[in-house]
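Colleague: First the structure, then my questions, so here it is.
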Ligand code: 13P
């Protein structure tokens, strides 16, 4: 097992089909031979098409932004792991703070989503992070620790080896306010220490822990230089190929 450096874009609910296609093509054509693995987290409707656009490039992978926890059935409007897998999806972003906030997702549910994504051979990108009031109360490690334990500690070592973690402090998402490199490093180090206690050093050392929250071309290098920061989960800046490519080249 080896820790990977990853620049992942979370497009959220942005781009129509054609815009998404153009954005993916622009990323493909601008990519340099960088060490980072690039992941495009596109809307569901774009997945199959973009999987074809990126299919010959081993350093670009495809992510969905959510997945239902059940195998199949009467869940109108939902998308299953089998559907994603059959569209060429490699990663699934789970537990994003926007899903927690607007769709009431909690870690017990996210744990089930992680299980089904792993069952279908895809890799979860598990998001955790505290709100501003929690940080101001000095309880951020306690809260993120609880999130990580509830969502991930039921896994086997082999399963945990497939999980990517994204630390995204809620107060830094879409606000232009990033965590300082030291704040990111402290939390990433803490998360890795939890993984090490539960799953051992080999798994902990191989786990990629990404930082998310207002990552931009002008701050990426400094954040990614931290020893426990293995890349970024990028929202707004992933919608401009030039900015996203600059971030992917910041390792
Ligand atoms: P921004 O980069 O727009 O702050 O979004 C971060 C994020 O939520 C990525 O999942």
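Colleague: Can you tell me which condition residue 210 does not meet? The list is (1) within 16 Å of the ligand (Cβ to nearest atom); (2) buried (at least 18 other Cβ atoms within 10 Å of the Cβ); (3) farther than 23 Å from residue 121 by Cα, and all the others hold.
Modeller: Every listed condition holds for residue 210 apart from (3).
Colleague: Are any residues in the range 213-244 more than 11 Å from the ligand (Cβ to nearest atom) and assigned to a strand (DSSP E or B), and if so, which ones?
Modeller: Of the range 213-244, the ones more than 11 Å from the ligand (Cβ to nearest atom) are 217-218, 221-231, 240-242.
Across the range 213-244, the qualifying residue is only 231.
Colleague: Of all residues in the range 1-36 being surrounded by 21 or more Cβ atoms within 10 Å (Cβ to Cβ) and within 30 Å of residue 201 (Cα to Cα), which is nearest to the ligand (Cβ to nearest atom)?
Modeller: For the range 1-36, the residue satisfying everything is 10.
Colleague: Just to be sure I understand the filter: pairs with C-beta atoms under 8 Å, separated by 6 or more residues or on different chains, first member in the range 1-25 and without any contact (Cβ under 8 Å) to a residue 40 or more places away in the chain and under 27 Å from residue 223 (Cα atoms), second member in a loop (DSSP other than H, G, I, E, B) and within 15 Å of the ligand (Cβ to nearest atom). Which pairs pass?
Modeller: That search, which allows pairs on different chains as well, returns 13/43; 24/42.
Quick grid of which residues meet (1) within 24 Å of residue 12 (Cα to Cα); (2) free of Cβ contacts under 8 Å to residues at least 24 places away in the same chain; (3) within 16 Å of the ligand (Cβ to nearest atom); (4) touching a helix residue (DSSP H, G or I) at 6+ places or on another chain (Cβ under 8 Å):
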position	(1), (2), (3), (4)
137	no, yes, no, no
158	no, yes, no, no
174	yes, no, yes, yes
195	no, no, no, yes
199	no, no, no, yes
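Colleague: Within the group 114, 93, which residue is at pLDDT 95 or above, away from the ligand (no atom under 16 Å from the Cβ) and under 13 Å from the mean Cα position of the chain (by Cα)?
Modeller: 114
Colleague: Continuing with the same structure: Note down all Cβ pairs under 8 Å where the first residue falls in the range 86-99 and is farther than 22 Å from residue 59 by Cα, the second is part of a strand (DSSP E or B) and within 7 Å of the ligand (Cβ to nearest atom), and they're at least six residues apart or on different chains.
Modeller: From the range 86-99, the pairs are 95/127; 96/10; 96/127; 97/127.
Colleague: Out of all the residues in the range 201-231, which are in contact with a helix residue (DSSP H, G or I) (Cβ under 6 Å, 6 or more places away or on another chain) and within 24 Å of residue 155 (Cα to Cα)?
Modeller: Scanning the range 201-231 gives 203, 204, 207, 209, 211, 228, 229.
The values are calculated or read from the model by the stated rules, or taken from the named source; none is laboratory data. In this text the structure is predicted, and so the values were computed from the model without any measurement. All Cβ positions, even for glycine, are placed from backbone atoms using ideal geometry, and neighbour counts span all protein chains on display.
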